[in-house]
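Beneath this line is the structure, given in C-alpha cells, with notes to follow.
Derivation of every value follows stated rules applied to the coordinates shown; laboratory data play no part. Note that the structure is a prediction, hence the values are computed from the model and not measured. When we count neighbours, we look across all protein chains shown, and the Cβ atoms used for this are built from the backbone with ideal geometry, even at glycine.
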C-alpha cells in the first residue's frame, strides 16, 4: 500500500465520525426551566433503609443487586477507599458517612439533573436532552461511546455499560421521566421512602421550603442548600445536619456551570475522535494489504512512489 492510499483510507475511516452532527456552540446558557421539577433531600431524616434503591431497581427494570436491599453490609464496603457510586445496574445508591463526633449520616446519590448540564453540552452527538419537567434524559440510539459526559460531569454520575461489547452505552438516573415525571407523577424513589426524606415539587418552591426549614431549625441544619447554586443549580437539592464535605459532597464546585471551564477542551474532542479512527483504519488497511499479497509485494512500487 502506498502512502497516498494509506491517507485516502484514513480519511475515509474518519469521515463518518467527522460528519456527525455537532452542537453549534459549547456552554450555551440553558438557565433551566422556570417550572422544572426537583427533589429536596433532607439527610437528617434518612436512616439508610435503601427503600429508594429497591424502588428504582423495580421501576427501571434493572438487574438484581449482588446483595439484597435489606443487606446493610454494603455500607461497610469501600473498595480502594471509595464509596459506592451509581452504576449501569444501580441508578441510585445510598452511602453511610461517619462524621467525627456525630451520628452516621446517610446520603442518597443519583444524577442531580443540573439546570445547565455539563453532560449535555459536552455531547457532540446530542444524546442528552434537558426536558421542561427538569429531567436530563439520554438517547442511547445516537451515543457513540465517547464518554465525554463522564469527563464533564462534576458529580461523576454517568456510568458506562462495559458489560456490552456490542452496544456499550451510558446509564444513569432519568428522573423516572418515561414512566412518571412526564405524566406529573412522583419519582419511584421519592414515593417509596418511609421516612419522608424527600419532597418532590417545583424546584423554585423546594428552595423556599429548604430555607424555611433552616430558618426554623438553625441548630439542626447547616445554613446551605446544596444544589441551589452549585454549577448553575441542580434539580436535586440537599439539606444536611453536618458540613457537606463530611457527607462526601464536593464543596469546591463553582456557582457557574462547570462547562464554562472545560468547553475549550471539549470543543476539540470531535476532531480527535475523527483522527483516531482514521489512523486505525489506515493501519488496518496496511496490515490486510500485507497479508493478502505476502511479504515484499508491491515493495518496489512503493519505493518508486516514495522517491
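Each of 101, 35 was scored by other Cβ atoms within 10 Å of its Cβ. Listed from fewest to most, they are 101, 35. By other beta-carbon atoms within 10 Å, ranking 82, 211 with the fewest at the front produces 82, 211.
Can you divide the C-alpha Rg of region 37-103 by 2.2 N^0.38 Å and report the result to two decimal places?
On the way: Rg = 12.9 Å, N = 67, 2.2 N^0.38 = 10.9 Å.
That ratio works out to 1.19.
For 252, 122, which order do you get if you count the other beta carbons within 10 Å of each Cβ and list the fewest first?
Working: 252 8, 122 27.
Result, fewest neighbours first: 252, 122.
Taking only alpha carbon atoms, region 137-245 gives an Rg to Rh ratio of 1.04, where Rh is the Kirkwood radius.
Semi-axes of the equivalent ellipsoid for region 37-256, computed as √(5λ) from the eigenvalues of its C-alpha gyration tensor and ordered from largest down, come to 26, 21, 17 Å.
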